[in-house]
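> Next up is a structure, given as structure tokens.
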Amino acid sequence: MANIIGAVTTSHIPAIANAMANKQEDTPYWKPFFDGYPPVRKWLNEKQPDVIVLFYNDHGLEFFIDKKPTFAIGVADEYHNSDEGWGIATIPPVTGESELSWHIANSLVEDGFDMTICQEMKVDHGLTVPLSLMWPGNNYGHVKVIPVCINCEQHPMPQPWRCFELGKAIGKAIESYDEDITVAIFGTGGLSHQLDGERAGIINREFDIECMDKLVSDPESLTKYSNLDLVKIGGAQTVELNMWIAMRGALRGKVTELHRNYHAPISNTGSGVLLLEHEMPSK
Amino acid sequence: MAVKDSTQPVPGTYLFDGKMAKKGYGLNKMCYSFNEQTARDEFNKDPDAYCAKFGLTEKQIKAIHDRDIIGLLQEGGSIYYVAKFAGLLKLNMQDIGAIQTGLSLDEFKALLVKNGSGEA
């Protein structure tokens, strides 16, 4: 039986990849941010999860608003990044895991989550920055990644409660997979920030830390917020919290916090990292 | 300097919804094309011709000319695609933040530090 051994949350800002490429990790600006990652890297290297299910949002690389999936899942053997408009450096392809992906997709649609199922999808910084962060030097090729993409761009967006339910349904699907593999769940993006409008620059440190607390001990309480609540409290792009909430939904057993870090600002955002250990629910 | 816009529930925020997505479709489609270097080159060679190719409105073309980020949002631009236009201009998120808030770059960065520290 597939075993969900834990979860990681992290920011996925493009500037992080630039900082790594330019070797700025130890500069005064970046150090308090990067200092949050060694314990997570150590845990991943020790536990060696076979598969990562990674919740992210596409920022207009694969999906345009001609057809914008609310929820999408990749089922490919490999994924590629691409120039996102800034002429960024090419990074190695991301390895996929087709069989478990299809198992999850089948189970989700069966359970009423009508996913867009993708055999080809370019993955943007939302997915690649977390991988580069966890495996410096872009040495992430050995780990198989299943991308789950949530619309965080165009309203109407799935609400926090719905993202939590999606996570639960993915957790259930993984639990029913009959192979002896280990899985870690990644929730990426956030936390509070607003990029657009005269209100740009909003960060709500107190709310971010409260979200991290609740994510561990009382995730249901976060599902009471609407997306509009999140916009008001933390800024327009705080809806990326939905990826963290989806991650937490997938952890249906016992959760223990092993590590956390919070630092703000990084670029325009509050940046949180959490490492959670998970014991599978008893059958 | 948040502005009052009765159609927007959060002052100073342009929620990208169906109405905006329809209004900004051509503009966003053009900015989406900037994912490709060839498109960026074509735009740089003749911005007006490139805007025409995507059927931008006069207001949208003016906002592109003026690098008016707020204007682009008001005309239906989604920040994710507008960011690609900004990238073409070599502007990062702090540059865009400064432009939108009417602050200098240093003032905007100081605002982020203040907000990030929880002082606000």
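The values are calculated or read from the model by the stated rules, or taken from the named source; none is laboratory data. The model shown is predicted, which means the values in this text are computed figures rather than measured ones. In this analysis, Cβ positions are derived from the backbone assuming ideal geometry, glycine residues included, and neighbour counts consider all displayed protein chains.
> Those residues that are assigned to a helix (DSSP H, G or I) and small (G, A, S), I need them from region A:117-144; list them, please.
A:G126, A:S132, A:G137
> Residue check: is A:G201 more than 9 Å from chain B (Cβ to nearest Cβ) and under 30 Å from B:G76 (Cβ atoms)?
no
> So if I check each of B:G76, B:G55, B:G87, which one is modelled with pLDDT of 95 or more and under 14 Å from the mean Cα position of the chain (by Cα)?
Criteria check complete, one pass: B:G76.
> If you check B:G24, B:G87, which single one turns out to be farther than 17 Å from A:D66 by Cβ, crowded, with 18+ Cβ neighbours inside 10 Å, at the interface with another protein chain (Cβ under 10 Å from one of its Cβ atoms) and in contact with a Gly (Cβ under 7 Å, 6 or more places away or on another chain)?
B:G87
> Next question. Exactly one condition in (1) over 19 Å from A:H59 (Cα atoms); (2) at the interface with chain A (Cβ under 7 Å from one of its Cβ atoms); (3) surrounded by 16 or more Cβ atoms within 10 Å (Cβ to Cβ) is false for B:G118; which is it?
The one condition B:G118 does not meet is (3).
> If you don't mind, there's one more thing I want to ask. Which pairs have Cβ atoms under 7 Å, sit 6 or more apart or on different chains, and link a residue in region A:246-259 that is at pLDDT 95 or above to one that is acidic (D, E)?
Within 7 Å, the pairs are A:G249/A:E165; A:G253/A:E279; A:K254/A:E279; A:T256/A:E277; A:L258/A:E277.
> Follow-up. B:G12 passes all but one of (1) more than 8 Å from chain A (Cβ to nearest Cβ); (2) under 27 Å from B:S104 (Cβ atoms); which number fails?
(1)
> Identify, please: which residue in region A:258-278 is β-branched (V, I, T) and over 14 Å from the mean Cα position of the chain (by Cα) and is, among those, surrounded by the most Cβ atoms within 10 Å (Cβ to Cβ)?
Within region A:258-278, the match that is surrounded by the most Cβ atoms within 10 Å (Cβ to Cβ) is A:T269.
> Here's another thing I want to ask about it. May I ask you to say which residue of B:Q100, B:Q94, B:Q60, B:Q8 is among the polar types (S, T, N, Q) and outside any helix (DSSP H, G or I)?
B:Q8
> May I pose another question? Name the residue that is farthest from the other protein chains (Cβ to nearest Cβ), counting only residues in region A:101-116 that are in a helix (DSSP H, G or I) and hydroxyl-bearing (S, T, Y).
Per the criteria, the residue is A:S107.
> Failed condition for B:V113, given (1) on the phi < 0 side of the Ramachandran plot; (2) surrounded by fewer than 18 Cβ atoms within 10 Å (Cβ to Cβ); (3) within 8 Å of chain A (Cβ to nearest Cβ); (4) outside any helix (DSSP H, G or I), with all others met?
Evaluating B:V113 over (1) on the phi < 0 side of the Ramachandran plot; (2) surrounded by fewer than 18 Cβ atoms within 10 Å (Cβ to Cβ); (3) within 8 Å of chain A (Cβ to nearest Cβ); (4) outside any helix (DSSP H, G or I) leaves (4) as the failure.
For every residue, the table says whether it meets (1) among the β-branched types (V, I, T); (2) touching a residue at least 12 places away in the same chain (Cβ under 8 Å); (3) farther than 30 Å from A:D229 by Cα.
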position: B:F34; (1), (2), (3): no, yes, yes
position: B:F43; (1), (2), (3): no, yes, yes
position: B:D48; (1), (2), (3): no, yes, yes
position: B:A52; (1), (2), (3): no, no, yes
position: B:E58; (1), (2), (3): no, no, yes
position: B:L72; (1), (2), (3): no, yes, no
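> Which is surrounded by fewer than 22 Cβ atoms within 10 Å (Cβ to Cβ) and part of a helix (DSSP H, G or I), of A:V216, A:V255, A:V239?
It is A:V216.
> Also, I was wondering about something else. Kindly indicate whether A:P147 is touching a residue at least 40 places away in the same chain (Cβ under 8 Å) and either in a loop (DSSP other than H, G, I, E, B) or surrounded by fewer than 22 Cβ atoms within 10 Å (Cβ to Cβ) (or both).
Criteria not met by A:P147.
> How many residues, within region A:176-201, are assigned to a loop (DSSP other than H, G, I, E, B) and either more than 11 Å from the chain's Cα centre (by Cα) or modelled with pLDDT under 95 (or both)?
Number satisfying all stated conditions: 18.
> Since B:Q60 meets every condition but one in (1) more than 11 Å from the chain's Cα centre (by Cα); (2) more than 17 Å from A:E198 (Cα to Cα); (3) more than 11 Å from chain A (Cβ to nearest Cβ), which condition does it not meet?
(1)
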